[in-house]
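First comes the structure, then the notes that go with it.
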Amino acid sequence: MTATVTNPTWATPRPATRTVQASVPLHDAFTQTTTLAWRALLKMRRNPEQLVDVTAMPVLFTVMFGFMFAGAISGSQASYLPILIPGIIAQTTITACVAAGVQLREDMDKGVFDRFRSLPITRIAPLAGPMMADLARYAIAASVTILVGILMGYRPGGGLPGVTLGILLAVITGWSLAWIFLWIGTITRTAGAVQGMSMMIMFPLAFLSNAFVPVSTLPAWLRAVTTINPVSHVVSAMRDLMNKGTITANVGWALLGCATVAAIFIPLAVRSYTKRV
């Protein structure tokens, strides 16, 4: 007695070959990036404490520096606020950048990026998505600082166009500098290590600059340091835009510095990220 086994007629034959997409089209990469940016925005909405550094900190620094140092540095609060407000915007924007690397390291530790690796998405989308969402954080920090300054008596001579361009420059600066801390997030092992290393970079950038005091009052060696600090060019450019409403060479130097930082650290961050995940 023999039995004959036949293939059922309802079975669907598997294709002999499969088409594997070698790269993600540009349109799909943009869609994936915006989707992950929306995810990051939803995360901010569900965790409002993530916005403390761009809401409460600008108020604290503006009020504290404005009342404590105005008389000692400029003689009066009215003459110091045009110097202080652009500096506070730069300082709070740089401080907000640190969160990019910390959040990245926390997500990597939780295995979130292991899930992203299994998805057919471009490699840079998990990095570029949160960076796109952080643009809102930098805009909030700059807007809150200007609002507090106006309440304290600051009157920007550049008017609405100058203030808008100043905020835009702050956002661009924050986005470019955040890639430094994002890269640090990919090479360290813990979120605490990211925080510590980022602070060692953030404090010299923010405070060894012309953000809070006129450069002419500094010692010669410190004046040289502030001159080569890219944040000093950003602060000077924002002062020109917000206080005078003029686009000067400082704006060009600031944008050149931002482009240079992005050109160096975006490839480093992407390469380190791909090795880690």
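The values are calculated or read from the model by the stated rules, or taken from the named source; none is laboratory data. From a predicted model like this one, the values you see are computed outputs, not experimental measurements. Virtual Cβ from ideal backbone geometry, glycine too; neighbours counted across all protein chains shown.
Kindly indicate whether Ala136 is in a helix (DSSP H, G or I), within 22 Å of Lys244 (Cα to Cα) and touching a helix residue (DSSP H, G or I) at 6+ places or on another chain (Cβ under 8 Å). Spelling it out, it is not the case that Ala136 is in a helix (DSSP H, G or I), within 22 Å of Lys244 (Cα to Cα) and touching a helix residue (DSSP H, G or I) at 6+ places or on another chain (Cβ under 8 Å). Scanning region 130-150 finds one or more residues that are among the basic types (Lys, Arg), closer than 27 Å to Thr31 by Cβ, buried (at least 19 other Cβ atoms within 10 Å of the Cβ) and touching a residue at least 40 places away in the same chain (Cβ under 8 Å). Quick one: in region 210-247, of everything that is of a type in the set (Ser, Thr, Tyr) and modelled with pLDDT of 90 or more, which residue is nearest to Ile94 (Cα to Cα)? Among those residues, the one meeting the criterion is Ser232.
Yes or no, residue by residue, for (1) surrounded by 23 or more Cβ atoms within 10 Å (Cβ to Cβ); (2) in contact with a helix residue (DSSP H, G or I) (Cβ under 6 Å, 6 or more places away or on another chain); (3) modelled with pLDDT under 90:
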{"site": "Thr62", "(1), (2), (3)": "yes, yes, no"}
{"site": "Phe67", "(1), (2), (3)": "no, no, yes"}
{"site": "Ser76", "(1), (2), (3)": "no, no, yes"}
{"site": "Pro82", "(1), (2), (3)": "no, yes, no"}
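Of all residues in region 38-51, exactly one satisfies the criterion of being more than 15 Å from the chain's Cα centre (by Cα) and closer than 25 Å to Gly87 by Cα, namely Glu49. Just to be sure before I move on: is Thr33 among the hydroxyl-bearing types (Ser, Thr, Tyr), crowded, with 18+ Cβ neighbours inside 10 Å, modelled with pLDDT of 90 or more and not in a loop (DSSP other than H, G, I, E, B) in the structure I sent? Considered against the rule, which asks whether it is among the hydroxyl-bearing types (Ser, Thr, Tyr), crowded, with 18+ Cβ neighbours inside 10 Å, modelled with pLDDT of 90 or more and not in a loop (DSSP other than H, G, I, E, B), Thr33 comes out as no. Set side by side, the residues Val215, Val171, Val163 differ, and just one is surrounded by 13 or more Cβ atoms within 10 Å (Cβ to Cβ) and over 24 Å from the mean Cα position of the chain (by Cα), which is Val215.
Taking the criterion of being at positive phi and aromatic (Phe, Trp, Tyr), no residue of region 222-267 qualifies.
For region 225-237, taking the residues that are aliphatic (A, V, I, L, M) and surrounded by 12 or more Cβ atoms within 10 Å (Cβ to Cβ), the one that is nearest to Ile85 (Cα to Cα) is identified as Val235. Being more than 30 Å from Gln91 (Cβ to Cβ) and either at pLDDT 75 or above or surrounded by fewer than 14 Cβ atoms within 10 Å (Cβ to Cβ) (or both) holds for only one residue in Pro48, Pro58, Pro13, and it is Pro13. Taken together, the residues in region 16-30 that are in contact with a helix residue (DSSP H, G or I) (Cβ under 8 Å, 6 or more places away or on another chain) and either modelled with pLDDT of 85 or more or assigned to a helix (DSSP H, G or I) (or both) amount to 1. All told, Gln91 meets the bar of being surrounded by 17 or more Cβ atoms within 10 Å (Cβ to Cβ), of a type outside the set (Lys, Arg) and at pLDDT 90 or above. Could you tell me whether Val112 is surrounded by fewer than 20 Cβ atoms within 10 Å (Cβ to Cβ), touching a Pro at 6+ places or on another chain (Cβ under 9 Å) and β-branched (Val, Ile, Thr)? For Val112, the condition - surrounded by fewer than 20 Cβ atoms within 10 Å (Cβ to Cβ), touching a Pro at 6+ places or on another chain (Cβ under 9 Å) and β-branched (Val, Ile, Thr) - is met. Considering only residues in region 188-199 that are within 16 Å of Tyr273 (Cβ to Cβ) and within 18 Å of the chain's Cα centre (by Cα), the one that is surrounded by the fewest Cβ atoms within 10 Å (Cβ to Cβ) turns out to be Ala191.
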